[in-house]
Each structure stands twice: as structure tokens, then as C-alpha cells.
Amino acid sequence: MTPYLVTQSFGASRVLFYKEITLQGIFEAKMDIMARVVALMVLTSPVSGYSGGAPASACATMIPGHGGTAHTSVAPFSLTVSSVISGCVINSIAVTLAGTGGTNFRGFLCQARSAMDSDTTVGTLADDDTTVAFTNNCGAGSITHSEGSDKGSANFKWTPSRETSNVHIVCTVIQTTSIYWVKAVHAQVSPCSSAARATLTFMASVGVLLAYVL
């Protein structure tokens, strides 16, 4: 057995001592290194679930995949939409997801659905907020967070395509990894029919022309 020099620190002091190299010693050293690596991985791993947004597996059910059970109490969040012309949406509307009473949230998945119990998305949801990072992991009719920091609100917009029936904007909101509400925050919007869209577009054009002439 060959002795080797070991330097170990205790506070500001450094102590030198000799230790014999044995198979047991080598094994213990390897196990110690592995334990330190595992501990470092645990400490540096995300604790807020999917910080990159909802995974593809959650697109249909809108259920987060990071454990826990969905809360059935009233969600401390609200979903508001901007006012529309003549009661229907022509181009796009602003949508705001926000916590009530100062409640923050870390993640969300919002979808524009043809019906509450349908997984068919319609139109396009897009980023309309400079303070929150978004992504569209579940397609154009969905929007989700792409970072896991605490948020007081998130702003985005919905643009219809050819929808003429009511559309439901539905959100799953994650407060922490184990505290979340599935499809508990929602609002209904009404796209304009083709005739109403044509009429309102014409009226808007006439208004612009009159403003220019006058």
C-alpha cells in the first residue's frame, strides 16, 4: 500500500495528512464524488415543473404533467377580454390573464376552443406582453409560458380565422408545481359572421374616408 498526501480544508485552516491507498478507499472516494454530483443536480434542477411551457402531452387535456392534483376551488385568477365592436370580433382582441388579490402564478396554458369540452383549437393566440416570455407548444390556437418565474399577469391576443360561432378561451393556471387549476379560468368571445364582418369593415372604411374628406 502506497501512502499519498491529502490536503483538506477546515474553515481557514488547511491540514495535511497521509492516507493509505486501498481498494476500499478508492471505492469510498468514488461514492463520495457520485453523491456530490447527484446533490448538485437536485439543487440546480427546476422546481416549478415545466419552465419551458406546457409539453405536447398536455395539449388535449390541459393537465400539467408534473404531479399533484388539480384544485377544484374557485381559482384566484381572472381572464378579461377587450371590448368589441357591435358585440363581435372582427380582427383581434386583447386578453389578460391575471391573479386576483395579488396572487402570482408561474405557468399557464391557454387555448381558444370551439367548445369547453372540445380539444379543437380555433384562431390564433399570440404574445402581446413585453414582460412575459411565451411559446406555442400546442399550436397556433394555444399559448403557454416559456419561463417559470412568478407573474402577476400575462397579456396576449386572439385573432379569429373563419369562426362564426362562440369561442371559449380556456386557461389552466399553475401557481406552484403542486397547486394548479385545470381549465378553471375562461371567457367567451363571439366572432363576427361573414356578413357582419363585411358590413363593419365597410363602415370603418367609410368612416376613414369621411374623416379624410372633412
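Can you order the peptides 175-184, 61-70 by their average number of other Cβ atoms within 10 Å per residue, highest first?
175-184, 61-70
Check which residues have an amide H placed less than 5 Å from Y180's amide H, if you skip close sequence neighbours.
H71, Q175
Taking R0 as 30 Å, what's the FRET efficiency between A56 and N155 from their Cβ-Cβ distance, rounded to 0.05?
Working from the Cβ atoms, E equals 0.75.
In the neighborhood of V173, defined by Cβ-to-Cβ distances under 13 Å, what is the net charge if each Lys or Arg adds +1 and each Asp or Glu adds -1?
+2
Taking θ as phi - 60°, what are the ³J(HN,Hα) couplings along segment 71-76 by the Karplus curve (6.51, -1.76, 1.60), each to the nearest whole Hz, with x for Gly and Pro?
Values per residue, Gly and Pro as x: 6, 10, 6, 5, 6, x Hz.
At a Förster radius of 30 Å, what calculated FRET efficiency corresponds to the Cβ-Cβ distance of A115 and S178, to the nearest 0.05?
0.55
Starting from the amide H of G107, placed 1.01 Å from N in the peptide plane, find each other amide H under 5 Å away whose residue is 5 or more places distant or on another chain.
Distant-sequence amide H within range of G107: I174.
Coordinate-derived values only; no laboratory data. Everything numeric in this text was worked out from a predicted model, so none of it was measured. No Cβ is skipped: glycine too gets one built from the backbone with ideal geometry, and neighbour counts run over all protein chains shown.
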